[in-house]
Amino acid sequence: MERVKGEDILTKEYSKETIDELLEIIKKEKNISQVASSLDLSPFEVLGLVYDLRDSGFNIIVKEYDDGFHLLNQGDQTNTDSNHYEMETDENNEFKFVAISDVRLGSKSQQLGILNDIYKKAAEQGIHNVIVCGNISAGLKPITDTETNFIDDTQAQIDYIVSNYPKVDGIKTYFISGKLDDKHLSQNNINIGQRIADQRSDMIYLGEDSCDIEIDRIKMQVMSSKLSKTYTASYRTQQTIDAYRSEDKPDILLYGGLLQMEKYNYRDVKCISTPSVCATDKEMKAKRYANTIGAWYVTLKAKDNGKLDSITAIDSPYYITNKDDYKGTQISVNKSKKLPDIDSASVKTALKLLNYVKNGMPIDKFMEKFHISYKELQGLLLIWESCNKKVDIIQEGKEMVFKKNYQKSISINKPSLDNLTENEILVVSDTHFGNIHNQLHLLNELYQEAYNRGIKTVLHVGDLTDGNYPNRPENPRQQFLHGFDEQVGYVVDMYPEIDGMDTYYILGSHDETHYKNGQATVDFWVDRCRPDMHFLGQDTGEIVIDKVKYVLDHPGGGSAQSVSYKPQKRIEILESHNKPKVLLIGHYHKSYAFVYRNVQCIQVPALCDKTQFQQKQGLINNMGGYFLKVYSDSKGNIQYLEPEEIVYGHKDVWDEAGKDKRKVKKLEIKNSNSIY
């Protein structure tokens, strides 16, 4: 429609009060006649004022329907990648939140039961913020697709989300839109996020696809992927971080839309991929998308200057979904398509009456009790069916009776942390004793911290020693200890030793070279000489702690640029009936935590600085370890896991410390007396 012109419109001045009142009125969609009446203006004047405001940058939508023009104010600025939102830490300099993505309400694969449980657990833990990284709605599907969504109309999805999204006192939900949500904007010119936020005071819309959140001076970018999911889980997040200029890098990247659960550090950015809260749908199956369901419970700790001190995150995957979840909740009826002559009050009355309907109840008894005619009963049946609560009438003997033809939602209720067995262990790998770049002092630091925490079990995932490589002429220059006797003797003499703490270890490819080049057995010698160190196997080993099965794995072969690729391939070769709950992978000197095929996988970093070989090959070398806090039930199922990554950098390295053994002493704690 062309702009309406007229001398009286163009020259008329409007007060600030009139403009503010207009913007307030049309925060909800209104017919232009209603707006004109409220402002005591003509419809032409209102339309002229709207076009002036749009020229000034106000995001006001004008749509033409059968009953005339409608107006909607979507805010005074267009949402872009520069969206910015500020939050504050609490009195303890902490900010706690739950991170989720891909709720997809309106989809037949939605998991409102799981979503409700996540909010319940947040309340139990005193968490007041939930961040949804995109795709709060199911979006719109082609008219030929009748299998994916049970609500496939923009307004109906808005109504459903407003009515059914969890609402818990004290908890606010912050959300961005994802590529599914954006379909409402591209096809119907409706910003579904803004519409939802206008009707729910506890839900704050942060913008389209991304938002920069500043928590004190901590910078966190929340993003939902517009690109397709790749086989390699870490590829999209690494690609995003690689694209940052140094001055643009956030402290934390919270990434949604990838249907995965991962946590790692890359280019000094703490990256968390947020899992979905929907079951695997038709499209995911067609595209062979792996789909992890769950939530992260995250705590950010700020320093006194407001910058990031630490980040801890507990993952909470859900392994079982309810395929009929969408049938167990009331849906908002799309009046324009399904029930054009039934108002919302009648729908509520009909659903209330449904509570009195029992299987096998004679319809005459029901009609008599509520004074309902047969025609009215037909109307009730139609409303119930439109709300996905189909009720049939069948003949049973001489009577016509009700038969409910829908399922109630299965209750999803994960145990609380207090009702689970908690166990904390330390995991280390690739110490490479004998190499000039080994960092014994960092290993000592980790063991000292483990002792301080009361940890009794440490797992070492291979390459205790640097090995013996006669086929590598440059190797002797990279070692300060040579051969079996020197390297294994150093392990026996110098490896941390703490009363009450046991180390369980496997051997890796470097350790195995001692056997290949002289049949010297690292495994048995260390085990014999150190009663606190226990050999589990060459390349792989298994241990059960509190009924939780851990597999330690030290593969061979080269590294991949994408940190998730190699561990994904390792998990894929596991037999379904014999998978561990936790898979710990060494060898690659990389740090990465993720959930894949219902396996909690940790790729464990090294405790050796970058070697000459790694430098030549252009390989990443992460240094550090993991403290794993595992919460398991009586059957050994992990309900929550906190992978606390300890990261060391070049400032922590002692260059070629091994050349002077006096630089590092053994950490030994006997009867609470530390010798260090």
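The values are calculated or read from the model by the stated rules, or taken from the named source; none is laboratory data. The structure displayed is predicted, hence computed values, not measured ones. Cβ atoms come from the backbone with ideal geometry, glycine included; neighbour counts cover every protein chain shown.
Which one of Val298, Val347 is modelled with pLDDT under 90 and either under 25 Å from Lys581 (Cβ atoms) or buried (at least 17 other Cβ atoms within 10 Å of the Cβ) (or both)? Lay out the reasoning, then the answer.
Values: Val298 fails: modelled with pLDDT under 90.
Just one listed residue meets the conditions, Val347.
Taking first residues from segment 26-48 that are under 23 Å from Gln194 (Cα atoms) and partners that are surrounded by 19 or more Cβ atoms within 10 Å (Cβ to Cβ) and among the polar types (S, T, N, Q), the Cβ contacts under 6 Å between residues at least 6 apart in sequence or on separate chains come to Ile26/Asn73; Lys27/Asn73. Taking residues in segment 435-447 that are without any contact (Cβ under 8 Å) to a residue 24 or more places away in the chain, and partners anywhere that are of a type in the set (A, V, I, L, M, F, W, C), the pairs with Cβ atoms closer than 9 Å and at least 6 places apart or on different chains are Glu445/Ile646; Glu445/Leu667. Would you confirm whether or not segment 406-413 contains a residue that is at pLDDT 80 or above and not assigned by TED's automatic domain parsing to the domain that holds Pro496? Yes, segment 406-413 contains a residue that is at pLDDT 80 or above and not assigned by TED's automatic domain parsing to the domain that holds Pro496.
Of all the numbered requirements in (1) part of a loop (DSSP other than H, G, I, E, B); (2) of a type in the set (A, V, I, L, M); (3) farther than 25 Å from Ile61 by Cα; (4) out of contact with any Cys (no Cβ under 7 Å at 6 or more places or on another chain), Val103 misses one, and that requirement is (4). Looking only at residues in segment 534-567 that are of a type in the set (Ser, Thr, Tyr) and in a loop (DSSP other than H, G, I, E, B), the one that is surrounded by the most Cβ atoms within 10 Å (Cβ to Cβ) is Ser564. Scanning segment 217-250 for residues that are crowded, with 17+ Cβ neighbours inside 10 Å, over 16 Å from Tyr592 (Cβ atoms) and among the polar types (S, T, N, Q) gives Gln221, Ser224, Ser225. On inspection, Glu396 qualifies as loosely packed, with under 15 Cβ neighbours inside 10 Å, over 30 Å from Leu446 (Cβ atoms), in contact with a Gly (Cβ under 9 Å, 6 or more places away or on another chain) and not assigned by TED's automatic domain parsing to the domain that holds Gly624.
Is one or more of the residues making up segment 252-266 among the charged types (D, E, K, R), assigned by TED's automatic domain parsing to the domain that holds Leu227 and assigned to a loop (DSSP other than H, G, I, E, B)?
So far as segment 252-266 goes, no, none of its residues is among the charged types (D, E, K, R), assigned by TED's automatic domain parsing to the domain that holds Leu227 and assigned to a loop (DSSP other than H, G, I, E, B).
Selection of segment 436-473 for residues being at pLDDT 95 or above and assigned to a strand (DSSP E or B) yields Thr457, Val458, Leu459, His460, Thr465. Within segment 476-518, track down each residue that is surrounded by fewer than 15 Cβ atoms within 10 Å (Cβ to Cβ), at pLDDT 90 or above and more than 15 Å from Leu464 (Cα to Cα). Scanning segment 476-518 gives Asp499, Gly500, Asp502, Lys516. Beta carbons closer than 6 Å, at least 6 apart along the sequence or on distinct chains, pair a first residue in segment 576-599 that is in the same structural domain as His510 (by TED's automatic domain parsing) and of a type in the set (D, E, K, R) with a second that is at pLDDT 95 or above and not in a loop (DSSP other than H, G, I, E, B) for Lys579/Val599; Lys581/Val548; Lys581/Lys549; Lys581/Ile638; Lys590/Gln603; Arg597/Ile571. Within segment 585-604, the set of residues being in a strand (DSSP E or B) and basic (Lys, Arg) is empty. Among the conditions (1) assigned to a helix (DSSP H, G or I); (2) touching a Ser or Thr at 6+ places or on another chain (Cβ under 9 Å); (3) surrounded by fewer than 17 Cβ atoms within 10 Å (Cβ to Cβ), Lys285 misses just one, which is (2).
Can you tell me which residue in segment 169-212 is surrounded by the fewest Cβ atoms within 10 Å (Cβ to Cβ), limited to those that are touching an Asp or Glu at 6+ places or on another chain (Cβ under 8 Å) and of a type in the set (Val, Ile, Thr)? The extreme case among them is Ile171.
Considering only segment 29-51, I want to know if a residue exists there that is aromatic (Phe, Trp, Tyr), assigned to a loop (DSSP other than H, G, I, E, B) and at pLDDT below 85. Can you show your working first?
From segment 29-51, those aromatic (Phe, Trp, Tyr) are 44, 51; that's our starting set.
Checking the rest, the ones that are also assigned to a loop (DSSP other than H, G, I, E, B) come to none.
Looking through segment 29-51, none of the residues is aromatic (Phe, Trp, Tyr), assigned to a loop (DSSP other than H, G, I, E, B) and at pLDDT below 85.
Assess whether Thr11 counts as being at pLDDT below 65 and either closer than 30 Å to Asp309 by Cα or exposed (fewer than 12 other Cβ atoms within 10 Å of the Cβ) (or both). Considered against the rule, which asks whether it is at pLDDT below 65 and either closer than 30 Å to Asp309 by Cα or exposed (fewer than 12 other Cβ atoms within 10 Å of the Cβ) (or both), Thr11 comes out as yes.
Counting only residues that are of a type in the set (Phe, Trp, Tyr) and farther than 20 Å from Gly207 by Cα, which one in segment 56-91 is modelled with the lowest pLDDT? Steps first, please.
Filtering segment 56-91 for residues of a type in the set (Phe, Trp, Tyr) gives 58, 65, 69, 85.
If we keep only those that are farther than 20 Å from Gly207 by Cα as well, we get 65, 69.
Working: Tyr65: 58, Phe69: 74.
In this case the residue turns out to be Tyr65.
One residue is enough: does segment 99-107 have a residue meeting the conditions under 28 Å from Tyr160 (Cβ atoms) and either of a type in the set (D, E, K, R) or at pLDDT below 85 (or both)? Within segment 99-107, one or more residues are under 28 Å from Tyr160 (Cβ atoms) and either of a type in the set (D, E, K, R) or at pLDDT below 85 (or both).
Each row is one residue, and each column tells you yes or no for (1) aliphatic (A, V, I, L, M); (2) more than 41 Å from the chain's Cα centre (by Cα); (3) at pLDDT below 70.
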position: Gln330; (1), (2), (3): no, no, yes
position: Asn334; (1), (2), (3): no, no, yes
position: Lys337; (1), (2), (3): no, no, yes
position: Pro340; (1), (2), (3): no, no, yes
position: Ile363; (1), (2), (3): yes, yes, no
position: Tyr374; (1), (2), (3): no, yes, no
position: Leu381; (1), (2), (3): yes, no, no
position: Glu385; (1), (2), (3): no, no, no
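Of a type in the set (Lys, Arg), under 22 Å from Lys629 (Cβ atoms), surrounded by fewer than 21 Cβ atoms within 10 Å (Cβ to Cβ) and not assigned by TED's automatic domain parsing to the domain that holds Thr232 - does that describe any residue in segment 521-530?
Step one: filter segment 521-530 for residues of a type in the set (Lys, Arg), giving 528, 530.
Pick out the ones that are also under 22 Å from Lys629 (Cβ atoms) and you get none.
No - not one qualifying residue is present in segment 521-530.
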